[in-house]
1. Could you give the angle, 0 to 90 degrees to the nearest 10, between helix 176-195's Cα long axis and the longest principal axis of the Cα atoms of the chain?
2. About its Cα centre, how strong a charge dipole does the chain have in debye, to the nearest 20, once Lys and Arg get +1 and Asp and Glu get -1 at the Cβ?
3. Working from Cα positions, state the angle (0 to 90°, nearest 10) between the long axis of helix 145-172 and the longest principal axis of the chain.
4. Could you work out how far helix 126-139 tilts from the main Cα principal axis of the chain, as a 0 to 90 degree angle to the nearest 10?
5. What residue among Thr114, Thr96, Thr19 shows peak mean-square fluctuation when the chain is described by a Gaussian network model with Cα springs under 10 Å?
6. Could you give the length gained on full extension between Tyr202 and Val88, defined as 0.36 nm per residue of separation minus the Cα-Cα distance, in nm?
7. If contacts are Cα pairs under 8 angstrom and at least 6 residues apart, what is the relative contact order of the chain in percent?
8. Step through the residues of the stretch 7-14 one at a time and calculate ³J(HN,Hα) from phi using the Karplus curve (6.51 cos²θ - 1.76 cosθ + 1.60, θ = phi - 60°), rounding each to whole Hz and writing x for Gly and Pro.
Amino acid sequence: MWAWALLPICLSIWAIVGTWVVYVIAVNNGSVNITEQFPYISTCGSYPPQSCIFAQVLNVGAMLAVWISAMRFQQIRDRGFHSHLNSVSLAMGLLTALGTSIVANFQQSNQLETHLVGAFLAFFVGTIYFWTQTVLTFQMKPRGSGRIVGILRFCFSILCTALIAMMIAFFAKSMPSEAAICEWIAAMILFLLYGLFSFEFYSFDGHFVHVMKRRITIPNEMQVSTVTLTT
């Protein structure tokens, strides 16, 4: 059903627009001063009133990310790819969503250590998640538009990895503005990577959760056999 394709698109639009709205509010009310240095995303969302919007944007985004990760896991499995990598990818996707929620609810001005843990999960584990999705995409031998999506996912993953490495390097060299710019671009790419799932979800017929019931063996259970008599 094509409507499933709207879910990743909604996440991308919601997250991109929401974070930039927070940036605009922070600049307008003087919470950040862009003439001194370009602010980190978390710096823009650390102070009220935009901190409330920041938390809501990321919490909703985290919820949608969990939903998308579960759907993608099931879609790959339904196509016959029962691999450990798919399970690992699901775990990475859920951890990414958890990190996003932590970033939203533990602002750096209040709980810096917890906030950094969330940022690690959101950026680093999030990048790993899309690398695993890139590998899984090509393992399914896509054709046509699916192959184009795989190539885009690969290119975006490389770019995101490079930006995170540059962000760390700039931060270590006490160049906060350059590091913040890298952070913003990396975040936008991660949001766009979620949006790419819309191409795979366009042909998604349904979303089901299966519960497997295993027969319990009772000790000393009487076994009944059927004997066929022939004359």
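The values are calculated or read from the model by the stated rules, or taken from the named source; none is laboratory data. Keep in mind it's a predicted model, so treat the numbers as computed, not measured. Glycine also receives a Cβ, built like all others from the backbone with ideal geometry; neighbour counts cover every protein chain displayed. Quick note on the areas: whole protein, heavy atoms, side chains included, nothing else; ligands and nucleic acids left out. Shrake-Rupley method; radii C 1.70, N 1.55, O 1.52, S 1.80 Å.
1. So the helix axis and the longest Cα principal axis differ by about 30 degrees.
2. Charge dipole of the chain: 780 debye, to the nearest 20.
3. 50 degrees
4. Compared with the principal axis, the helix lies near 40 degrees.
5. For the chain, modelled as a Gaussian network with Cα springs under 10 Å, the answer is Thr114.
6. 38.6 nm is the gain from fully extending Tyr202 to Val88.
7. Numbers: 271 pairs, mean separation 64.1, N = 231.
About 28 percent, as a whole number.
8. 4, x, 5, 4, 4, 4, 5, 4
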